[in-house]
1. Would you mind getting me the FRET efficiency between Lys155 and Asp4? Use the beta-carbon distance for r and R0 = 30 Å, nearest 0.05.
2. Around Asn36, under 11 Å between beta carbons, what's the net of Lys plus Arg minus Asp minus Glu among the other residues?
3. When a/c is below 1.5 the answer is rounded, else prolate if a/b is larger than b/c, else oblate, so apply that to the chain with a ≥ b ≥ c taken from the square roots of the Cα gyration tensor eigenvalues.
4. Let me spell out the model: positive unit charges on the Cβ of Lys and Arg, negative unit charges on the Cβ of Asp and Glu, origin at the Cα centre of region 77-168. What dipole size does that give, in debye rounded to 20?
5. Going by a ≥ b ≥ c, the root eigenvalues of the Cα gyration tensor, does region 13-60 fall in the rounded group (a/c under 1.5), the prolate group (a/b larger than b/c) or the oblate group?
6. Could you pull out every residue, at least 5 positions away or on a different chain, whose amide H is within less than 5 Å of the one on Glu71? Hs are placed 1.01 Å off N in the peptide plane, and Pro or chain starts have none.
7. Provide the FRET efficiency to the nearest 0.05 for the Gln79-Ser18 pair, computing r from the beta carbons and using R0 = 22 Å.
Amino acid sequence: MAEDLNIVAGTKTEQYESLLPQIGGLLEGETDLIANLANVVASLKEQFGWLWVGFYLVKSANVEASAVREEELVLAPFQGPVACTRIKKGKGVCGACWDKAETIIVPDVEKFPGHIACSSLSRSEIVIPVIRNGEVLGVLDVDSVELNQFDETDKFFLQKIVELIPFP
Ligand code: SME
C-alpha cells in the first residue's frame, strides 16, 4: 500500500530530487498504465500545486469504420480543471510536441500560435513527449497560472519522470 507522499520545500531541483525516487517507488512492480499515470499526475500536483497536470495518449481517432486510419491525442489521467478530450497531430502545444517528438516550453501561452486554451487561468505550459522505441505514445502536459513557470530544470526532471513509466 502506498504511503503519503513526502512533500518537501526547497529549490525546484531539491523538490524534484525528493519526488523522483518516490515516484519510482509508486511505479515499482505495477504494470497497469492507468494506475501509474494517475499516481504520477497526483504526485506532481501534490508537490508543485500547478493548475493542471495530465497525460494525453495517442489513440485511434473517432472515425467511421470505413474512414482512413487516423490517430489523435486522447485525454488520460489528469488533475485540474476539465480539459479538451481530443487533440489532433500538430494542433496546440500538445499536438506540436507529438509532431516534433520533443519537449516544448511555452513561457506565455498567448504568444504560442494555435495554443488550445482549456482553462482561461493557464498562463504558461510545458509538454513532454512519451517516447518508446522512437515512437511518441503520448504526452505529459503541465499548465501553470504563472507566466514563465517552466524552464530547463522542469524539462530535465519531467523527462526523467516520464522515462520511469512502464508503457505496455
Ligand atoms: N493547452 C494545450 C491543451 C491541453 S490543456 O492545456 C489541458 C495545448 O495547447 O495543446
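1. Details: r = 28 Å, r/R0 = 0.92.
Taking R0 as 30 Å, the efficiency between Lys155 and Asp4 is 0.60.
2. Residues close to Asn36 contribute a combined charge of -3.
3. oblate
4. On the way: 10 positive and 13 negative charges, 83 e Å.
With only Lys, Arg, Asp and Glu charged at Cβ, the dipole is about 400 debye.
5. Details: a/c = 2.57, a/b = 1.27, b/c = 2.02.
Since a/c reaches 1.5 but b/c is at least a/b, the shape of region 13-60 is classed as oblate.
6. Ala61
7. Values: r = 19 Å, r/R0 = 0.87.
About 0.70, to the nearest 0.05.
Rule-based calculations on the coordinates, nothing more; no lab input. Bear in mind the structure is a predicted one, so any value in this text is a computation, not a measurement. All Cβ positions, even for glycine, are placed from backbone atoms using ideal geometry, and neighbour counts span all protein chains on display.
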